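The values are calculated or read from the model by the stated rules, or taken from the named source; none is laboratory data. Bear in mind that the values here come from a model prediction, so they are computed numbers and not experimental data. Glycine also receives a Cβ, built like all others from the backbone with ideal geometry; neighbour counts cover every protein chain displayed. Heads up: the accessible areas ignore ligands, DNA and RNA and are worked out on the full protein's heavy atoms, side chains in. Shrake-Rupley method; radii C 1.70, N 1.55, O 1.52, S 1.80 Å.
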Amino acid sequence: MKKAIWAVVALLAVGSMAQTDPRVGPKTKLFNGKDMAGWNFLLSDKNLKMEDVWSVDPQQGIIVCKGTPAGYIYTNQNYTSFILTLEWRWSPVTKHEGNSGVLLRVQEPHKIWPKSIEAQLYSKHAGDFWLIDGAKLETDEGRINKGAPNNRVRMKTNEKAAGEWNHYEIIVDGDKVTLKVNGELVNEGKGAEVIPGKIALQSEGAEIHFRNIEIRPIRN
């Protein structure tokens, strides 16, 4: 019962943060809905261009990622503490679910995969954390995947059917990271390195779409 009450309190606190915390700055669009201005890329096949994998449908205001080969797009700017919101869906045509993720505080060198905290988008696992290349984050011990110690399992699954839009809210506040999927708290951790880094979106095997990518800085 205490855990349930704590979860409700935490969820309410996260949901109201953007409206009540004076440290939270104004919202900025990371994707303008028209082109890939503000983004760079890395792909496992060095002969390919960004547009070979990542394209924009300006009529719908979405980014379309083919999913292959492996790689990611990343912001030109660095971000340390912020509230990031975005929407994602698997192809509404094929409805093929797969893997992707949002990489936070990405560190150089750029490679597959760079040091970062991943907010997982793998279907049925959205809200997991993956700690890549030595990135640090502490969670409840019960959410550590014993078979994959870099994986911190979500508290619950809250994804919509393949082809439908999902909403991600990612709060990176100092050493704390909080994940909400479709309005519900699904994971949180502390002890992250407080360092500036890029934000990245993965190409990892399946067609995935993104839209409404927005960020609000948090002053620490």
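Each residue in region 50-66 was checked for being farther than 14 Å from Asn32 by Cα and open to solvent by 50 Å² or more (accessible area, probe 1.4 Å), and 3 pass.
Residues checked against (1) open to solvent by less than 50 Å² (accessible area, probe 1.4 Å); (2) part of a loop (DSSP other than H, G, I, E, B); (3) acidic (Asp, Glu):
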{"residue": "Thr68", "(1), (2), (3)": "no, yes, no"}
{"residue": "Gln77", "(1), (2), (3)": "no, yes, no"}
{"residue": "Thr85", "(1), (2), (3)": "yes, no, no"}
{"residue": "Arg89", "(1), (2), (3)": "yes, no, no"}
{"residue": "Lys95", "(1), (2), (3)": "no, yes, no"}
{"residue": "Val102", "(1), (2), (3)": "yes, no, no"}
{"residue": "Glu118", "(1), (2), (3)": "yes, no, yes"}
{"residue": "Leu131", "(1), (2), (3)": "yes, no, no"}
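Every residue, every condition in (1) part of a loop (DSSP other than H, G, I, E, B); (2) surrounded by fewer than 16 Cβ atoms within 10 Å (Cβ to Cβ); (3) of a type in the set (A, V, I, L, M); (4) out of contact with any strand residue (DSSP E or B) (no Cβ under 7 Å at 6 or more places or on another chain), yes or no:
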site: Pro109; (1), (2), (3), (4): yes, yes, no, yes
site: Trp113; (1), (2), (3), (4): yes, no, no, no
site: Lys124; (1), (2), (3), (4): yes, yes, no, yes
site: Glu169; (1), (2), (3), (4): no, no, no, no
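Given the condition more than 12 Å from the chain's Cα centre (by Cα), over 13 Å from Leu121 (Cα atoms) and surrounded by 19 or more Cβ atoms within 10 Å (Cβ to Cβ), answer yes or no: does some residue in region 201-208 qualify? There is no residue in region 201-208 that is more than 12 Å from the chain's Cα centre (by Cα), over 13 Å from Leu121 (Cα atoms) and surrounded by 19 or more Cβ atoms within 10 Å (Cβ to Cβ).
If the requirement is being more than 26 Å from Asn158 (Cα to Cα) and free of Cβ contacts under 8 Å to residues at least 12 places away in the same chain, which of these qualifies: Pro22, Pro26, Pro58, Pro69?
On the way: Pro26 fails: free of Cβ contacts under 8 Å to residues at least 12 places away in the same chain; Pro58 fails: free of Cβ contacts under 8 Å to residues at least 12 places away in the same chain; Pro69 fails: free of Cβ contacts under 8 Å to residues at least 12 places away in the same chain.
Within the list Pro22, Pro26, Pro58, Pro69, the selection yields Pro22.
Among the residues of region 135-144 satisfying the criterion of being open to solvent by less than 50 Å² (accessible area, probe 1.4 Å), out of contact with any Leu (no Cβ under 7 Å at 6 or more places or on another chain) and assigned to a loop (DSSP other than H, G, I, E, B), which is farthest from Glu118 (Cα to Cα)? Of everything passing the filter in region 135-144, Thr139 is farthest from Glu118 (Cα to Cα).
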